[in-house]
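Below you'll find the structure, written out as structure tokens, and then a few comments.
Values in this text are rule-based calculations from the coordinates and carry no lab data. Note that the coordinates shown come from a computational prediction; the quantities given were computed from them, not determined experimentally. Cβ: placed from backbone, ideal geometry, glycine included. Neighbour counts: every protein chain shown.
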Amino acid sequence: MKIGILALQGAFIEHKRIFDELGVSTFEIRQLKDIEKDFDALVLPGGESTVQIKLLKELGLLEPLKIKIEKGLAVMATCAGLILLASEIQNQSETAFKTLDVKVVRNAYGRQLGSFIKNEEVKGIGNFNMIFIRAPYIEKTASDVEILAKVDEKIVAVRYKKQLALSFHPELTQDNSIHKYFLSML
């Protein structure tokens, strides 16, 4: 099994660390030639979604990755990664992959100083310390999108087919249970 991690900007090294601990082979996706490799899954890390969208377009990665996701490539998306997958972003016309039928609210929890940790139940995993940093939340989902977690009645984790999307940063904890859950989806 091999996982490609989008490494244009954001918390990609942290995902690599967890997959390394789990004995899973990873590689960084930085340019178009990187996605010519065979891989079983993709990680879209947290970071700055507008920067990531800009770089995905400039490097010619957006459309080829979108096609792979539409054809069933498994994806784990955290924070900004969730925004990249979303079909709709509140108060923003520019979207990226649009493979996840949800509407997200960017920076919904305020500035970096408004970051927080909340221990809540994640369906199929159990309680998890969720780290929110300038995080989005999901305002609405299509009926076929499974809601996995909510915080204060706001949707913060969903699954749709082989797409796992989270508002928070599991890669910043020492708990690898969400990464294991993602591997069980493959």
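For the residue pairs Lys37/Lys150; Lys68/Lys150; Lys16/Lys37; Lys37/Lys161; Lys68/Lys154, alpha carbon separations beyond 25 Å are given by Lys37/Lys150; Lys68/Lys150; Lys68/Lys154. Note on the chain: GNM, Cα springs under 10 Å; of Arg134, Arg30, Arg17, the largest mean-square fluctuation is that of Arg17. Amide H contacts under 5 Å for Ala41: Lys2, Gly4, restricted to partners 5 or more places along the chain or on a different chain, H placed in the peptide plane at 1.01 Å from N. Computed from label points 7 Å out along Cα-Cβ, the spacing between Lys33 and Ser115 is 3.5 nm. Let me make sure I get this right: for the range 12-138, a, b and c are the square roots of the gyration tensor eigenvalues over alpha carbons, sorted descending. Under 1.5 in a/c it's rounded, otherwise prolate if a/b > b/c, else oblate. Which is it? In terms of gyration-tensor shape, oblate.
Taking all Cα pairs closer than 8 Å and separated by 6 or more residues, the relative contact order of the range 1-105 comes to 25 percent. Of the residues Phe168, Phe97, Phe116, the one that moves most in a GNM of the chain with alpha-carbon contacts below 10 Å is Phe116.
Taking the chain as a Gaussian network of alpha-carbon nodes connected by springs under 10 Å, the highest mean-square fluctuation of the residues Gln31, Gln92, Gln52 belongs to Gln92.
With a Förster radius of 35 Å applied to the C-beta separation of Asn127 and Lys2, the computed FRET efficiency comes to 0.70. Restriction of the GluC sites (Glu not before Pro) in the range 111-153 to DSSP coil positions whose beta-carbon has at most 15 other beta-carbons within 10 angstrom yields Glu153.
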